[in-house]
Each structure stands twice: as C-alpha cells, then as structure tokens.
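Report on one structure; see the data block that follows.
The values are calculated or read from the model by the stated rules, or taken from the named source; none is laboratory data. Quick caveat, the model's predicted, so the values are computed rather than measured. Cβ placement follows ideal geometry from the backbone for every residue including glycine, while neighbour counts extend to all protein chains displayed.
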Amino acid sequence: MSQSRSKEELEKSAPTVCDLRVWEQAFELALGVFRIAEKIPLENCPGLSAELRVVALSIPSYIARGHSRATTREFLRGLYQARGALLVLRARLYLCGQLDLATPLELRRLDARRSEVSRLIETHVAELRGSREVAGLPTATTAPADARAIAREWAVFEDH
C-alpha cells in the first residue's frame, strides 16, 4: 500500500475558501447588509443601496480571490483588500444610521459581525506574516489605522 496520495485526493482534502471561518463570517455580513439595503427607499438615497451591496459582497470576494491564487502573498493581498472594504462598509453603515435608514439594533448586529470579520482577517494576516514574511505588502503597523488616515493619504493625490 502506497503512502503517497493522488492529486485528486489532495485536492479533495485541501481546504476551500468556504471552509475558512473568515470567509463564512464575511458572507454572513454581506447577507445582513443586503437585507438592510433592500429596505432603503430609492428616493431617499439613490445609489446608496447598490453601493452597500457592492462593498459588502466585495469583502468575501476579495478573501476568495486571494485564497484561490494559492500563494501567501496573494492571500495576504486579498485579506488587505477585504480589510479596506470593511472600512468603506463601516462608513456607509454609519451614514445609514445617521439618516435613520436602519434601526440601531440592526446596525449594532452588523457592526458586531463586521468587528468579528475584522478580527478574523487580522488573525489570518498575523498567522500568514508569521509563517513567511512577504516583502512589499503593508503590515498592521504600516497600514492606515483609521478612515482619517486614509483620507489624509487620498488628499495628497487630489493636490496633484
């Protein structure tokens, strides 16, 4: 009996993106955002519903794309993109709250899920960076800490 496994057996046993808790939680977050977005009246905020859906769906999509490329560098890139999309989603959900387009309970639940996805992303990033340093990608210490830092960086590009 051979100790080696066939390519088909290895592919079947390899974890898919659906096996990752971070992807699962990101997908659940997207479902919750879709439920709120469908209730937003078009006459109040044209485009906001579609923008919420796009950014919410981009989070599990970035994770899936990075994971599918099967390299640490690309998986990290997908996780960083998902992390950025989480910041955009947070700002849009804040706007929904300020405009009374969602209940405080709905927003608290989504923010708790968003925080969990963020925590899981940071955990994966730390594990991947710890297993193999990847040059050229931002670390938690070099990435922007909040939306104000991102806005300051974008302002540099607007001046030119």
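Tabulated values for the structure
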read-out: Some residue of segment 120-130 being among the acidic types (Asp, Glu), modelled with pLDDT of 90 or more and within 11 Å of the chain's Cα centre (by Cα); value: yes
read-out: Breaking point among (1) among the acidic types (Asp, Glu); (2) closer than 19 Å to GLY97 by Cβ; (3) free of Cβ contacts under 8 Å to residues at least 24 places away in the same chain, for GLU51; value: (3)
read-out: Hey, PRO138 surrounded by 12 or more Cβ atoms within 10 Å (Cβ to Cβ) and modelled with pLDDT of 95 or more or not; value: no
read-out: Test for LEU93: is it over 16 Å from GLN25 (Cα atoms) and in contact with an Asp or Glu (Cβ under 9 Å, 6 or more places away or on another chain); value: yes
read-out: Residue count for segment 65-82, restricted to those that are in contact with a Ser or Thr (Cβ under 9 Å, 6 or more places away or on another chain) and closer than 18 Å to ARG113 by Cβ; value: 1
read-out: Residues satisfying the stated conditions in segment 67-118, i.e. acidic (Asp, Glu) and over 18 Å from PHE34 (Cβ atoms); value: GLU74, ASP100
read-out: Hits in segment 74-106 (condition: surrounded by fewer than 18 Cβ atoms within 10 Å (Cβ to Cβ), of a type in the set (A, V, I, L, M) and assigned to a helix (DSSP H, G or I)); value: LEU87, ALA91, LEU95, LEU105
read-out: Lone qualifier among LEU87, LEU110 - being in contact (Cβ under 8 Å) with a residue 60 or more places away in the chain, under 12 Å from ALA30 (Cα atoms) and of a type outside the set (Val, Ile, Thr); value: LEU110
